[in-house]
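The values are calculated or read from the model by the stated rules, or taken from the named source; none is laboratory data. Please read these numbers as outputs of a predicted model, since none were measured by experiment. FYI the Cβ positions are ideal-geometry reconstructions off the backbone, even for glycines, and counts take in every protein chain you see.
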Amino acid sequence: MFKFENPDLLFLLWVLLLQAFLLWVYWDWRRRTLKRLGSPALAQRLLLGFSGKRFWLKNVLFGLSLGLLVVAIANPRRAVTREPKDQQGADILLALDISQSMLAKDVSPSRLEQAKTFAQNLVQALEGERIGLIFFAGDAFPQMPLSTDYDALIMFIRNAGPEFIADQGTAAVSAIELTSRMFESNSPAGRGLVIISDGENHGEAVVPQARKARSDGLVIHTVSVGETAGANIPLKTGGYKRDGMGQVVRTKANPAFLSELAKAGGGDAFDAGKGASEVKALVKELNRLQKTSVEAKAYTDYILYFQWLLLPCLLFLMAEQVLWWRKKGA
């Protein structure tokens, strides 16, 4: 289907009517002025070398270039539906910790930003898999169901922050419990869960829940962020988070616990601080999951035509500039 991306800009074509009106007013004034002279010979001498044809040709070229420019910036395009081929893939959920402790800056630029960078790189490396997204802190909620829409997934990851969940804390057990509702019960695809967290304050119920999930066919991998030395938690209003006694809260990452959690879930533990090498190692483990046919959704692509309008627009402008008012030899 042929459409304009910015159809409102087509109203600028009214400028062409304004140009035509002003030219008509000028030409009528010129005709009446010359008529008052009463002598065609005198008028001819005063307008020596003037070419009416060149005058109108220059203005027509300018009007055409202006019209083409307006249509070009309105961006004419044609929508084309692409039908991608089905792929073989597994079902993978990313559980991103967005608790306030993830704002700590013991790693640069912060635990949360490092976790989001790792998650985005992982999504790009897992093309072909169905991927879903979970945010968790004191509770967990699904941010995006299993899908092959990687652009939307990356957008949600980039916008993640503690303000998404009012109930603060770190309860990965809620994220594990949530997976049972997000996976399709009748799907033969392998199931993987990647928990990206600083490992702090998960609670004792997480490891037994991970073992239960493993018995149900879920493989859990963990990715740790932050340093064990710990750091204060900065606030947007300035200063640092304090407890009920007024003391500054110090958060310490717990990669040992995340390693225990991954072992209970039948997976491996990784370190986000190691960057691309850990992403590659995690992808290798996730590729061990059983594959099944993944139906890739059709998407709309656009064929743009503005460049075919800008080229003649430029040529008409160049011709209008080099065209003289005066007749040859005048």
When the range 222-269 is checked residue by residue, the ones that are of a type in the set (S, T, N, Q), part of a loop (DSSP other than H, G, I, E, B) and closer than 17 Å to Val207 by Cβ are Asn254
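If we only count strands (runs of 3 or more DSSP E) wholly inside the range 83-147, which ones have 1 or more residues that are under 23 Å from the mean Cα position of the chain (by Cα)? Spell out the reasoning first.
Numbers: elements: 87-89, 91-97, 130-136, 140-147.
Where strands (runs of 3 or more DSSP E) fall fully within the range 83-147 and carry at least 1 residues being under 23 Å from the mean Cα position of the chain (by Cα), they are 91-97, 130-136, 140-147.
Every residue, every condition in (1) modelled with pLDDT under 90; (2) crowded, with 17+ Cβ neighbours inside 10 Å; (3) in contact with a helix residue (DSSP H, G or I) (Cβ under 8 Å, 6 or more places away or on another chain), yes or no:
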residue: Lys236; (1), (2), (3): yes, no, no
residue: Arg250; (1), (2), (3): yes, no, no
residue: Ala253; (1), (2), (3): no, yes, yes
residue: Phe257; (1), (2), (3): no, yes, no
residue: Phe270; (1), (2), (3): no, yes, yes
residue: Glu278; (1), (2), (3): no, yes, yes
residue: Ala281; (1), (2), (3): no, no, no
residue: Gln290; (1), (2), (3): yes, no, no
residue: Ser293; (1), (2), (3): yes, no, no
Result of the Cβ filter at 6 Å on the range 99-117, keeping first residues that are touching a residue at least 12 places away in the same chain (Cβ under 8 Å) and surrounded by fewer than 19 Cβ atoms within 10 Å (Cβ to Cβ) and partners that are among the charged types (D, E, K, R) and in a helix (DSSP H, G or I), at least 6 apart or interchain, is none
For the range 229-260 the number of residues that are of a type outside the set (A, V, I, L, M, F, W, C), out of contact with any strand residue (DSSP E or B) (no Cβ under 9 Å at 6 or more places or on another chain) and closer than 27 Å to Leu282 by Cβ is 0
How many residues of the range 238-248 are of a type in the set (Gly, Ala, Ser) and in contact with a helix residue (DSSP H, G or I) (Cβ under 8 Å, 6 or more places away or on another chain)? The answer is 0
Inside the range 124-142, the number of residues satisfying the requirement of being buried (at least 20 other Cβ atoms within 10 Å of the Cβ) and farther than 29 Å from Arg250 by Cβ is 6
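Can you work out which of the residues in the range 44-72 that are farther than 30 Å from Tyr305 by Cα and either surrounded by 16 or more Cβ atoms within 10 Å (Cβ to Cβ) or at pLDDT 80 or above (or both) is farthest from the chain's Cα centre (by Cα)?
In the first step, residues of the range 44-72 are kept if they are farther than 30 Å from Tyr305 by Cα; the result is 44-55.
Restricting the remaining residues to those that are either surrounded by 16 or more Cβ atoms within 10 Å (Cβ to Cβ) or at pLDDT 80 or above (or both) gives 51, 53-55.
Values: Ser51: 55, Lys53: 52, Arg54: 50, Phe55: 50 Å.
Among those that are farther than 30 Å from Tyr305 by Cα and either surrounded by 16 or more Cβ atoms within 10 Å (Cβ to Cβ) or at pLDDT 80 or above (or both), it is Ser51.
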